Structure formats: structure tokens, C-alpha cells
Amino acid sequence: MVLGGENTLSGSAPTANGHVKESNGFIQHSNGHVPHYKDDKIKKMSQESFEPVPLLVACLTYLGYGMLVLFGYFRDFLRKSGVETTHSTIERKKMKDFVPLYQSFESFYTRNLYTRIRDCWNRPICSVPSAEFDVSERVSDDGNWHLRLTGKSRRCVNLGSYNYLGFAENTGPCADAAAKALQQYGAGVCSTRQELGNYRIHEELEQTTARFLGVEDAVTFGMGFATNSMNIPALMGGKGCLILSDELNHASLVLGARLCSTVIKVFKHNDIEDVERKLREAIINGQPRTHRAWRKILIIVEGIYSMEGSIIKLPDLIRLKKKYGAYLYLDEAHSIGALGETGRGVTEYWGVDPRDVDIMMGTFTKSFGAAGGYIAGSKRLINHLRAYSHSTTYACSMAAPVAQQVISSMKIIMGEDGTNRGQLRIKQLAANSKYFRQRLVEMGFIVYGNDDSPIVPVLLYMPAKIAAFSRELYQQNVGVVVVGFPATPLVESRARFCLSAAHTREMLDKVLDAISDVGDRLQLKYSLNPPTKAASAEECYKQVDSLAHEA
């Protein structure tokens, strides 16, 4: 099997046969084989919390949605009868012979459920999204159909932005470098990479990215979503290919897979046994109807899942892809910069060779405080994408100031600025993530995900409590993201906290006190597991203090 052309992807090149090194708790062989694990550490790193919903809470949640649906049909009857004013968009009668613009249930759900609490979403931000930000206040005079700004703003602690390492700043070395690039190159490129849009700064960005990741080459794009949706078809074009996709993969990965003329099979989230079962069945049975062997099999996963806070079991997937001759596509949008001793992402977190991952994808929108994305791997892979990807052929190149922001922040992470500020940010993020999660568990909340993940989902369940939780915390100057159906399963509505290196421990204590107060008043402490105390966060904070003292 080849991916994206003849020998586009090559396996890891052996360095010194038999050479063994110990890294991050693993015994890693540099001859391309999957490392052996120290059992205790691998078990600890693999532990994830997904406490099931209590039966009573599940029943009340279904009951709540049922009442909202019934009340929604009653409101629609009142609108149709003229008793209540109709604000929603509806199909015009003269368009009845055309394909409907609005699906009936989607329109119903938006009209009768989402609109009631839409003030909890899309809040306008009027400052840099750092540890704290200014949120514009809005009010509604017609039941949230229309929201108007009051002209006032509220200063809130920011727990909703993906600013993991705190580089979303308008002052400092990154901002100064970006301003200099703006003066030199201008605000936009106005051309594609294959025409007149290939600047020296783009090549420097790609070289820096490849060096940071420890791979041969990288290609960058101006939009993170398009990095997935436009490049997967360039790799998996043509029939006779199979994509195995995690059921919780991001919409950009799903869209990219659907744009291919390939067969797509979905496996259970982070379930290695299900992956192997589907791989084995695919190889035994072959293609539908013809039963011919698959030309390519591509496994698509993410490093950290942004709704669950779970970390992919990468070593097991590398073992499977080698065993069955498949390829591995790793989306590190949320893990690059946020995981690993030096911020190299999920490969460093697990202590595996990055060359064992065939396609390494990531974005610059989170840890690097910029925009765009990259794909990294072998030179053959990257040369193929430069020639055949729609993003390089048709999309405008990344703006030079954005590219410079990424270069500057990446060099700080690597310590090439001559300071330990990058390492300090990485340690601060790790300490904040552990501390915040531990405190929430001790309070009695149901918290999903891995202890090392900077994404901390707290389960809310009932629809009425989604809005109440967001509004109550907003009144206490805490900005949070709440998520409900259809972005989550019906009975798994949640608040998603995103930790940052910019947060201080004092900020987190203030937020945690507010969350505990709101949780008591809304009765959100559903956990039936006994709370456990851990000292890992304290150890991380000691490392932070030590690095800060050195600085």
C-alpha cells in the first residue's frame, strides 16, 4: 500500500540497531519498533475518568428534554394561530416546490430550545483572550430572539479559550516580531503558494515546524479546518481505500473523509480492541462486493479530544498500524504544545518516535496563539501535498505576521530565545491542569478525561442547568463554555474548561470557589465515587517555582 503516490510514506529509518534509550518512563528502541512500557507508568498515563451518569439524573434529563419538546410544539401552535409573534425564519409558500432550506427538526430545535438560552453562546469579546478578558454585556427584550449590546463590558477570568501556553498576547517578543513582519511584508499575501505567495518567511516557518516536531519536512496552511478537510482527499483520493475514524473525531476530519471516494468505518472512541477488530475484518473480507485487497487503510485519530479531554493511546495504535500495514493520521490540534516535557505533543508524551506516525497534523490556533495549520512527515509525503493539495493550489498563503507569531512562539518553546520562558509555560500549564481537575473531583463533580489534559469537562446533564451554570458563573466574573446536544450526546451536556499557562493559582482558586458555590446551589455535584487527593499538582507547582527562580 502507498499513500499519496509511490512510496509517499516510508517507515522510520533505523539509526543504530539495538540501541536503547529511556525516555519519559518508556524504554524506547531507535530501530523503529514500538517501545516497551514500564507497566506502572503506562497504566497511570492511560487512566481516564468517564464516570457513568447516575440513573436518576439520566431519567430527569430525558424528562426535561421531553417537557421542552412538548412546550415547543405548544408554542408553535400559538405562533401558527397568531397568538404569539413568529420571529423565526420560515419557508415562503411560493418556494414550496423547491428543496427546503431548513430541516424541520433542526429548525424546531433552534426555535424552541436553543433560542431560550442563546445568550450563553457567542458572547462578544472586546479584548485579548488572555487569562482575563472583557466580555460585552447583552440584553434581550423579546425572549432572546434579538440581543442588543448595552455598551458595558465585564472583566472575566477566561476559561474558554484554547490559549494553552498563553501566547495570545498583544505585548512581548512575539507581538513585537509580528509587528516587524507586518512592516516588512504587509498584512496579506493575496496569492497561493504555487503562484506568487511563497515568501521566505513561509519556508522558515515550515523548517522550524519540522525541526520542532523531529520529522523530515512540513507544509503549512492558512486555516486549520482546511488543513484536514482539503488534505485528506489529496492523500486518499480514488476508490479501493478505507478510512477508520474515531467516533469522536472533529468535524474537519469527518468532512475530509467524506470528500474522499473511500469507504469509511467508525470505531469506538479510543477503543484499541475495536480498532483491531475492524482492521482484521477489513483485511480478511477486503473491499465490498469484489473482496479485493484494500489499496490503502488510514487510521484517523486526534491527540487530545476537545470535548472529552481524553488522550489517544498512541503506542497501541502504532503497534496496530505496523502489524496490519495501515497508515496513521494524527491530528494534534489540541495536544501540540500542551503535552510532553518540552511541548512536542502526544508523541513526546508517550515517548514514541514521531517518525512512526505517518501523517502528523496540527494547528497554530491553540498553543501558538496564531492561525493556520500544518502537516508534517516524510519529504515524499510533503512534496506530494505541495503538488496536489487544494489548499496549496487554490487557498491564499498565510499572512506573514501570523507566520512570524508562530515562529517566535515556537522558538520560545524550544528555548532558542536564550531563556527558559517556554519551559516555564509548559510546566505552569501542566500544574494548572492537574490542580484544577483534582480540586473539581474533590468537590464531587463528574469530570471526564485524562489527568494530564488541559481540557477539563464537567458534566451538567440537565438542559435547564446548562444555561443556569453559565449565567451564574458569568455573574461571578467567570467566562466558561457550556456545551449541549447536538454537540454532545443528549444526556451528556457539560461545561468545558480550558486551562492556560497564563492562569495563576490565585485565579484558579477564585474560579474554583465560584464553581463550588454554583455547583451547590444548582445541585451539580453528581459524582458517586469517593474523592481522592493527589500530590502531583503540588509537585508540578514546585517545578514551576524552581524555573521561575532560575529565570
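The values are calculated or read from the model by the stated rules, or taken from the named source; none is laboratory data. Computed from a predicted model, the values in this text were never measured in an experiment. Please note: Cβ atoms are built from the backbone with ideal geometry, for glycine as well, and neighbour counts cover all protein chains shown. Accessible surface areas use protein heavy atoms only, side chains included; no ligands, DNA or RNA. Shrake-Rupley method; radii C 1.70, N 1.55, O 1.52, S 1.80 Å.
Extension gain, residue 73 to residue 273: 0.36 nm times the residue separation minus the Cα-Cα distance gives 67.6 nm. When the stretch 173-414 is described by a simple charge dipole with +1 on each Lys and Arg Cβ and -1 on each Asp and Glu Cβ, the residue from 329, 235, 248 located farthest towards its positive end is 235. Calculated on C-alpha atoms, the gyration radius of the chain divided by its Kirkwood radius gives an Rg/Rh of 0.97. Solvent exposure of the chain amounts to 46 Å² per residue of accessible area, where only protein heavy atoms count and the probe is 1.4 Å. Each of 156, 90, 519 was scored by the projection of its Cα onto the charge dipole of the chain, and the greatest displacement toward the positive side belongs to 90; charges sit on the C-beta of Lys, Arg, Asp and Glu. Relative protection proxy for 222-230, 465-473, from highest mean packing down: 222-230, 465-473 (other beta-carbon atoms within 10 angstrom).
Projecting the Cα atoms of 285, 395, 191 onto the dipole axis of the chain, where Lys and Arg carry +1 and Asp and Glu carry -1 at the beta carbon, places 285 farthest toward the positive end. Placing pseudo-labels 7 Å out from each Cα toward the beta carbon at residue 137 and residue 261 gives an inter-label distance of 5.9 nm. Under a model in which nothing but the beta-carbon of Lys, Arg (+1) and Asp, Glu (-1) is charged, the stretch 418-513 shows a dipole of about 260 debye around its Cα centre.
Beyond a 22 Å Cα-Cα separation, which of these cross-linked pairs lie in this structure: 268/525; 322/411; 268/323; 323/366; 411/510; 296/322? From 268/525; 322/411; 268/323; 323/366; 411/510; 296/322, over 22 Å: 268/525; 322/411; 323/366; 411/510. Using C-alpha pairs below 8 Å separated by at least 6 residues, the relative contact order for the stretch 290-405 is 18 percent.
Atom-type composition of the exposed protein surface of the stretch 173-414 places 52 percent of the accessible area on carbon and sulfur (1.4 angstrom probe). The Rg/Rh ratio for the stretch 168-289 is 1.11, where Rg is the radius of gyration of the alpha carbons and Rh is the Kirkwood radius.
Per-residue extension of 0.36 nm, minus the Cα-Cα distance of residue 184 and residue 504, leaves a gain of 111.6 nm for this segment. Only beta bridges with both residues in the chain are counted; by DSSP, about 65 percent of them are antiparallel.
Under the criterion of Cα pairs below 8 Å and six or more residues apart, the relative contact order for the chain equals 19 percent. Counting every C-alpha pair in the stretch 173-414, the share spaced more than 26 angstrom apart comes to 37%. For the peptides 310-317, 187-194, 47-54, the ranking by mean Cβ contacts within 10 Å, running from highest to lowest, is 310-317, 187-194, 47-54.
Each Lys and Arg Cβ is given +1 and each Asp and Glu Cβ -1; about its Cα centre, the stretch 173-414 then shows a dipole of about 860 debye. Modelled label positions at residue 149 and residue 62, each set 7 Å beyond Cα in the direction of Cβ, lie 4.5 nm from each other. Ranked by the mean number of other Cβ atoms within 10 Å of their residues, highest first, the peptides 136-144, 446-454, 322-330 come out as 446-454, 322-330, 136-144. What you get for the chain, charging only the Cβ of Lys and Arg (+1) and of Asp and Glu (-1), is a dipole of about 1440 debye around the Cα centre. In a DSSP loop and with at most 10 other Cβ atoms within 10 Å, the chymotrypsin sites (Phe, Trp or Tyr not before Pro) in the stretch 76-144 are 98.
Charge tally around residue 287: other residues with Cβ under 11 Å, Lys/Arg +1 each, Asp/Glu -1 each, net +4.
With contacts taken as Cα pairs under 8 Å and at least 6 residues apart, the stretch 173-414 reaches a relative contact order of 32 percent.
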